[in-house]
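Engineer: I have a structure here, written as structure tokens, and I will follow up with some questions on it.
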Amino acid sequence: MTHFFSRRDTLVAATALTTTTALHAAVPPTDAGAMLDRIAWGLLPLVPERATTLGVDEGTHADLRRRLEDRSPAGVAARQAFLTRSLKELAGLPRGGLDPSTATSVAVVETAFRTALDGMALPYGVATIGDWRNTPYGVIQNVGAWLDVPQTLDGDQPVRNATDAEAYLARLAAMPEQLDGETVRIREARQLGLVPPSFLLDKTITGMTRTIAEAAKPDGPLVGPLARKTKAIPGDWANRAQRIASSAIVPALERQLVELRAQRAVASDAAGLGARPHGPEWYGWGLRAGTTTRRSPTELHQMGRARLADLQAQMDVILRKAGLTEGSVAERAIAYQRRPGIGFPDNDEGRREIFAYMQAKIDAIRPRLPQAFRHLARGHLEIRRMPLAQEAGAPAAYGGPGTIDGREPGKIWVNLGDPTIHNRVTIPDLVYHEGIPGHVWQGEYAQKLPLIRSILAFNAYSEGWALYAEQLADELGMYADDPAGRLGYLMGLAWRAVRLIVDTGIHAIGWSRDRALSEFIAATGLPRSNAVSEVDRYCSWPGQACGYEVGRAEIVAQRTRAQAALGARYDLRDFDQAVVDGGNVPLTVLADNVSRYIATTRA
């Protein structure tokens, strides 16, 4: 995006570059470990919420707990300056003699930073640094401070004493500036002709209107978590939070809502980037960031079609054994889910039953994990309901590891706005994907690596591992006596295959939202309410949905390569350990890590 920076913006960017230069100048060029560590600590002030997620905002870094990311044009400039300088410093690092783990870390940082810089050079949008929520739309139904800050404050922000409570209030007080920074950027994008689809804006406006109404309430998304966390801490915490919310946050949300309504007034229902200025260019980058490959939309679309056909053939066998022989595979899968005993009540009791069923599946797989790993992670996990403001625009669930020190558990955030999207068919693979041995499990191994490796992640590896975790659950026998669960597992894989089809269909072929919904429902048998949330997500995060199956297929391909190379020396436990111990990496680096594992095993 072309920005006209104020003098303040220029000074901020210059200060960031000077600070970065000083940080790196202090590191001996041959000391790669020290350089990587200093890069990590140089990056976290630019994305301070990640320091809280990781639990490293303590001691001399405690000020990070009080701050929020600068999402204004000046904030983008500061991040660009930091990434540019960091890459220059890494380019001067002698590579000879680096141990394999450090060499991998250097490759990971360089890939993440170059990809982010390429995204930031695009005319608009949010290009994250080692994250997965890249989007052309700075504020939309599943993107923006209006969602991120309540999530951080409720789920990640520790409040153990009065100092922590003050940090919570400081973050609240920083929220209006973050919101206004976003508003500037989405206004600039509109002036360039970039306006989100009308149906996404409708969801966003509805959700933000509700957030404005609830922002200053004692039990609302901003005040409620602090009131709950400070029950045993003397102080007027909740009232202070209410004053900040009503006097500063609500007006900033209202300013953002004005801009969103201005966008809605000129929006069309065109779903994909092909209908938007610089859309194909942005989508090409989105696919590269989402898959860490250079595969074309056509190749990915065909890959999805072939994978879907194979999975539906496997689903057909289960459905026929259940006596369902008439209609398409998707129609029969829907009929199966409507059978008595499959679903849960559509009320609060049903929500409690869903939680219990999810927990039971996690408990059941834990004793089997020694069959798949040499060294077990803790798997510190809790299941939580998603914040209400997120549910309308969010997937069925998402998850990730807790803090590095283990004090905050990993979480599966489950969407219970419509409990009917969850049942005994869909839940098992969901918890294995998001929790154990999926995101939460894998993330704990990554957190044993240098700090920069815990900060940076790659969508194709993250989601590919989570799909591979579902496959491991099947191979460990979790569905041996559970045909409903195995049907759900195959449905989940089909869901990810159809993502390749629908994402490329929307953004490269030019499908409408209705066409995408029809394809999705026909292919998966998932409820329309689930399908709408999914398809809208593909519209707002172009390319992200393609990383799942691409990543899974690559992990399986590397496993096949290891089996062929090692023969009798191959052991699943060693392969899986090599993949998780190598950390979150681009798929090219994954191949290098597996090659190293093969060579070491042969030696």
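Engineer: Any idea which of A40, G443, G477 is furthest toward the positive side of the dipole for the chain, if Lys and Arg beta-carbons carry +1 and Asp and Glu beta-carbons -1?
Structural biologist: Farthest along the dipole direction, towards plus: A40.
Engineer: Find out how many positive minus negative residues lie around L490, taking Lys and Arg as positive, Asp and Glu as negative, among other residues whose Cβ is under 12 Å from that of L490.
Structural biologist: Combined, the nearby Lys, Arg, Asp and Glu give -2.
Engineer: Using θ = phi - 60° and the Karplus form 6.51 cos²θ - 1.76 cosθ + 1.60, what ³J(HN,Hα) does each residue of the range 193-206 get, whole Hz, x for Gly and Pro?
Structural biologist: Per residue, the Karplus-derived 3J(HN,Hα) values read x, 8, 10, x, x, 4, 5, 6, 5, 4, 4, 5, 5, 4 Hz.
Engineer: Would you mind getting me the FRET efficiency between R187 and R294? Use the beta-carbon distance for r and R0 = 30 Å, nearest 0.05.
Structural biologist: The formula returns an efficiency of 0.35 here.
Engineer: Moving on to the next point. Which order do you get for F355, F520 if you rank them by accessible area with a 1.4 Å probe, largest at the top?
Structural biologist: These residues rank, largest area first, as F355, F520.
Engineer: Explain nothing, just the number: dipole magnitude of the chain about its Cα centre with +1 on each Lys and Arg Cβ and -1 on each Asp and Glu Cβ, in debye rounded to the nearest 20.
Structural biologist: That gives a dipole near 280 debye.
Engineer: Using only alpha-carbon positions, what ratio does the radius of gyration of the range 342-389 give when scaled by 2.2 N^0.38 Å?
Structural biologist: Cα Rg divided by the expected 2.2 N^0.38 Å: 1.50.
Engineer: Could you go through the range 575-584 in sequence order and give the Karplus-derived ³J(HN,Hα) for each residue, using 6.51 cos²θ - 1.76 cosθ + 1.60 with θ = phi - 60°, rounded to whole Hz, and x for Gly and Pro?
Structural biologist: 3J(HN,Hα) across the range 575-584, in whole Hz: 4, 4, 5, 4, 5, 6, 5, x, x, 7.
Engineer: Efficiency by 1/(1 + (r/R0)^6): what FRET value for A265 and Q302, r their Cβ-Cβ distance, R0 = 35 Å, to the nearest 0.05?
Structural biologist: 0.35
Engineer: Which one, A238, C539, M386, is farthest towards the positive end of the dipole of the chain when Lys and Arg carry +1 and Asp and Glu -1 on their Cβ?
Structural biologist: The Cα lying farthest towards the positive end belongs to C539.
Engineer: Which of the listed residues, A165, T128, A116, is farthest toward the dipole's positive end in the chain, when Lys, Arg count +1 and Asp, Glu count -1 at the beta-carbon?
Structural biologist: A116
Engineer: How would H433, H375, H380 line up by accessible area, probe 1.4 Å, largest first?
Structural biologist: The ranking, largest first, comes out as H375, H380, H433.
Engineer: What is the spin-label model distance, in nm, from E110 to R515 if the labels are put 7 Å beyond Cα along the C-beta direction?
Structural biologist: 4.1
Engineer: Need one word for the range 68-200: rounded, prolate or oblate. Basis is the Cα gyration tensor (sqrt eigenvalues a ≥ b ≥ c); a/c below 1.5 gives rounded, then a/b vs b/c decides.
Structural biologist: Cα axes put the range 68-200 in the oblate bin.
Engineer: Apply the Karplus curve 6.51 cos²θ - 1.76 cosθ + 1.60, θ = phi - 60°, to the phi angles in the range 215-231 and return the couplings in whole Hz, x for Gly and Pro.
Structural biologist: Residue by residue, the range 215-231 yields 4, 9, 6, x, 10, x, x, 9, 8, x, x, 5, 4, 5, 7, 10, 4 Hz.
Engineer: Hey, another quick one. On average, how much accessible surface per residue is there in the chain, in Å², for a 1.4 Å probe, leaving out ligands, DNA and RNA?
Structural biologist: 37
Engineer: Continuing with the same structure: Report T84's accessible area, 1.4 Å probe, all protein chains in place, as a number in Å² to the nearest 10.
Structural biologist: 80
Engineer: Further question: When the convex hull of the C-alpha atoms of the range 395-446 is computed, what volume per residue in Å³ does it have?
Structural biologist: 70
Engineer: Which net charge results for the neighbourhood of A516, defined as the other residues with beta-carbon distances under 13 angstrom from its beta-carbon, given Lys and Arg at +1 and Asp and Glu at -1?
Structural biologist: After counting each charged neighbour, the total is -1.
Engineer: So which aspartates and glutamates pass the test for K229, namely a Cα distance under 17 Å, with those fewer than 8 places away in the same chain ruled out?
Structural biologist: Cα-Cα hits under 17 Å: D154, D156, D164, E166, D219, E408.
Engineer: Along the Cα-to-C-beta direction of A591, a point sits 7 Å from the Cα; which residues of the range 75-107 have their amide N less than 20 Å from that point?
Structural biologist: It comes to 100-101, 103-107, nothing else.
Engineer: Could you tell me what percent of the accessible area of the chain is made up of carbon and sulfur, with a 1.4 Å probe and every protein chain present?
Structural biologist: Ligands and nucleic acids excluded, carbon and sulfur reach 54 percent.
Engineer: Run the numbers for R569 and E58: contour at 0.36 nm per residue of separation, minus the present Cα-Cα distance, in nm.
Structural biologist: Gain on stretching R569 to E58: 179.5 nm.
Engineer: Right, here's the next one. Y357 versus E166, label points 7 Å from Cα toward the beta carbon: distance in nm?
Structural biologist: 4.8
Engineer: Given a 1.4 Å probe and heavy atoms of the protein chains only, how would you sort D180, D581, largest accessible area at the top?
Structural biologist: My answer, sorted largest first, is D581, D180.
Engineer: Here's something else I'd like to know. Gain in length, V258 to T560, computed as 0.36 nm per residue apart minus the alpha-carbon separation, to one decimal in nm?
Structural biologist: In short, 103.3 nm is gained.
Engineer: Let me ask another. Mind pulling the per residue volume of the convex hull built on the Cα atoms of the chain? Å³ is fine.
Structural biologist: 147
Engineer: Could you work out how far apart the two model spin labels at R528 and Q371 are, taking each label as a point 7 Å from the Cα in the direction of the beta carbon, and quote it in nm?
Structural biologist: Placing both labels 7 Å beyond Cα along the Cβ direction yields 4.2 nm.
Engineer: Next question. Using Cα pairs closer than 8 Å and at least 6 residues apart in sequence, work out the relative contact order for the range 219-283, in percent.
Structural biologist: Relative contact order of the range 219-283: 19 percent.
Engineer: Sticking with this one: Quick one: plug the Kirkwood hydrodynamic radius of the range 137-296 (C-alpha pairs) into Stokes-Einstein at 25 °C, 0.890 mPa s, and report D in µm²/s.
Structural biologist: For the chosen part, D equals 143 µm²/s.
Engineer: What figure, in Å² to the nearest 10, do you get for the accessible area of L192 with a 1.4 Å probe and non-protein molecules left out?
Structural biologist: 90
Engineer: If the cut-off is 16 Å between C-alpha atoms, which lysines fall inside it for K361, apart from same-chain ones fewer than 8 positions away?
Structural biologist: Partners within reach: K411.
Engineer: With only Lys, Arg, Asp and Glu charged, each at its Cβ (+1 for the first two, -1 for the last two), find how big the charge dipole of the range 132-226 is about the Cα centre; round to the nearest 20 debye.
Structural biologist: With only Lys, Arg, Asp and Glu charged at Cβ, the dipole is about 280 debye.
Engineer: Okay, next question. Please state the Cα pair-distance histogram of the range 124-194 with 10 angstrom bins from zero: what percent is in each bin?
Structural biologist: 18, 42, 28, 10, 2
Engineer: With every protein chain present, what accessible area does W41 have (1.4 Å probe, heavy atoms only), rounded to the nearest 10 Å²?
Structural biologist: 60
Engineer: If r is the Cβ-Cβ distance from I205 to A121 and R0 is 45 Å, what FRET efficiency results, to the nearest 0.05?
Structural biologist: Here the calculated transfer efficiency is 0.90.
Engineer: Under 14 Å from the Cβ of R602, count the other residues' Cβ atoms, weight Lys and Arg +1, Asp and Glu -1, and hand me the total.
Structural biologist: Residues near R602 contribute +1 overall.
Engineer: If you place +1 on the Cβ of every Lys and Arg, -1 on the Cβ of every Asp and Glu, and leave all else neutral, what size is the dipole of the range 354-468 about its Cα centre, to the nearest 20 Debye?
Structural biologist: Charge dipole of the range 354-468: 360 debye, to the nearest 20.
Engineer: So, one more: May I ask you to list the aspartates and glutamates whose Cα is less than 20 Å away from that of K321, ignoring any residue fewer than eight positions away on the same chain?
Structural biologist: The qualifying aspartates and glutamates are D310, E331, D474, D481, D482.
Engineer: Of the DSSP beta bridges with both residues in the chain, give the percent that are antiparallel, rounding to the nearest 5.
Structural biologist: 55
The values are calculated or read from the model by the stated rules, or taken from the named source; none is laboratory data. What you see is a predicted model, and the numbers here were worked out from it, not measured in a lab. We place every Cβ from the backbone using ideal geometry, glycine too, and count neighbours over all the protein chains shown. Surface areas here come from the heavy atoms of the whole protein model, side chains and all, with no ligands, DNA or RNA. Shrake-Rupley method; radii C 1.70, N 1.55, O 1.52, S 1.80 Å.
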